[in-house]
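Some notes on the structure that comes next.
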Amino acid sequence: MSKDFKLSCVLFDLDGTLIDTSPDLVSCLNKALIIHGFTGISADKVKPFISFGAVAMVNASLKQSVTEELKADVVKTMLEFYLHNIAKYSVFFDGMLDTLDVIEAKGLKWGVVTNKRECFTNPLMAALNLTDRAACIISGDTTANSKPHIEPMLAACRIADVTPQECVYIGDAIHDIKAGKNAKMKTLTALYGYIDSKDQPEAWGADGLIESPKQLIDWIDTVLCH
């Protein structure tokens, strides 16, 4: 780690990094699948696709022979369910609430940069009492481009009033790490998130790998001690 790195802000991906949203997303997906005449799918099989959105989740749940029109109907139904069940079963990853408390106690800012649309992000953040705590909340449709593009990362910095070089970005997908690196931020891969067993997160080029939110605090402590 460079000795001239000054940490001011910790930025999180949302699904699979800050919050375990899989219980609600998979529940709504399975309701939609059953309504349209398909069988449900196990959470383990679809979790790795959550970071890539509802369309990817539905595509992973249905055979290639299913028409695009029918897949689109399933996506629409799933998202309608999800809009009204945004935080029914979603929970913080173990240790994350304590981690946020420690970040704030150290005088650091924190925020969210997600590819989730605002109509889902904002109610979820509100339901978990995070809206007023976050220095910035950037969704997939807040800016013209979403991750891995640099635009949402820079928008987060403007709102939080920090420079990218003062930030670390934590995510559980390769496009998260690319986005952070594109913006010249430090990056950490959340190994506890929705990572496929076939993925190779150690090859994504992040500055570190963390297996729990607690390890994020250890990383921050190491940085602040420089």
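Derivation of every value follows stated rules applied to the coordinates shown; laboratory data play no part. Please read all numbers here as calculations on a predicted model, not as lab measurements. For neighbour counting, all protein chains shown are included, and Cβ atoms are generated from backbone atoms with ideal geometry for every residue, glycine included.
Cα gyration tensor of region 98-157, axes a ≥ b ≥ c as square roots of the eigenvalues: rounded (a/c below 1.5), prolate (a/b > b/c) or oblate? Taking the square roots of the gyration eigenvalues as a ≥ b ≥ c, region 98-157 is oblate.
Going by a ≥ b ≥ c, the root eigenvalues of the Cα gyration tensor, does region 78-178 fall in the rounded group (a/c under 1.5), the prolate group (a/b larger than b/c) or the oblate group? Let's see the in-between values first.
Values: a/c = 1.74, a/b = 1.14, b/c = 1.52.
Since a/c reaches 1.5 but b/c is at least a/b, the shape of region 78-178 is classed as oblate.
Between Asp24, Asp207, Asp101, the GNM of the chain built on Cα springs shorter than 10 angstrom shows Asp101 fluctuating the most. Were the residues from His84 through Asp44 laid out at 0.36 nm apart, the gain over their Cα-Cα distance would be 12.1 nm. Bridge orientation summary for the chain: considering DSSP beta bridges with both residues in this region, about 10 percent are antiparallel.
Using only side-chain charges placed at the Cβ, +1 for Lys and Arg and -1 for Asp and Glu, the dipole size of the chain relative to its Cα centre rounds to 320 debye.
Distance between the pseudo-spin-label points of Lys63 and Lys106 (7 Å out from Cα toward the beta carbon): 5.1 nm. Contact order for the chain, expressed relative to its length and based on alpha carbon pairs under 8 Å spaced 6+ residues apart, stands at 25 percent. Distance from the Cα centroid of region 47-115 to that of region 197-226 is 22 Å (rounded to whole angstrom).
Semi-axes, largest first, in whole Å: what does sqrt of 5 times each Cα gyration tensor eigenvalue give for region 39-120? Before the final figure, lay out each step's value.
Numbers: eigenvalues 210, 37, 28 Å².
Working from the Cα gyration tensor, I get semi-axes of 32, 14, 12 Å.
What distance in nm separates the two pseudo spin-label positions at Leu224 and Ala126, each 7 Å out from Cα along the beta-carbon direction? Using points 7 Å along Cα→Cβ, the separation is 3.2 nm. According to the square roots a ≥ b ≥ c of the eigenvalues of the Cα gyration tensor, what is the shape class of the chain, taking rounded for a/c under 1.5, prolate for a/b larger than b/c otherwise, and oblate for the remainder? Taking the square roots of the gyration eigenvalues as a ≥ b ≥ c, the chain is prolate.
Pulled fully out, how much extra length does the chain show between Ala144 and Leu97, if you take 0.36 nm times their separation in residues and subtract their Cα-Cα distance?
Numbers: separation 47, 0.36 × 47 = 16.92 nm, distance 3.09 nm.
In short, 13.8 nm is gained.
Taking 25 °C and 0.890 mPa s as conditions, region 22-83 diffuses translationally at an estimated 220 µm²/s according to Stokes-Einstein applied to its Kirkwood radius (Cα pairs).
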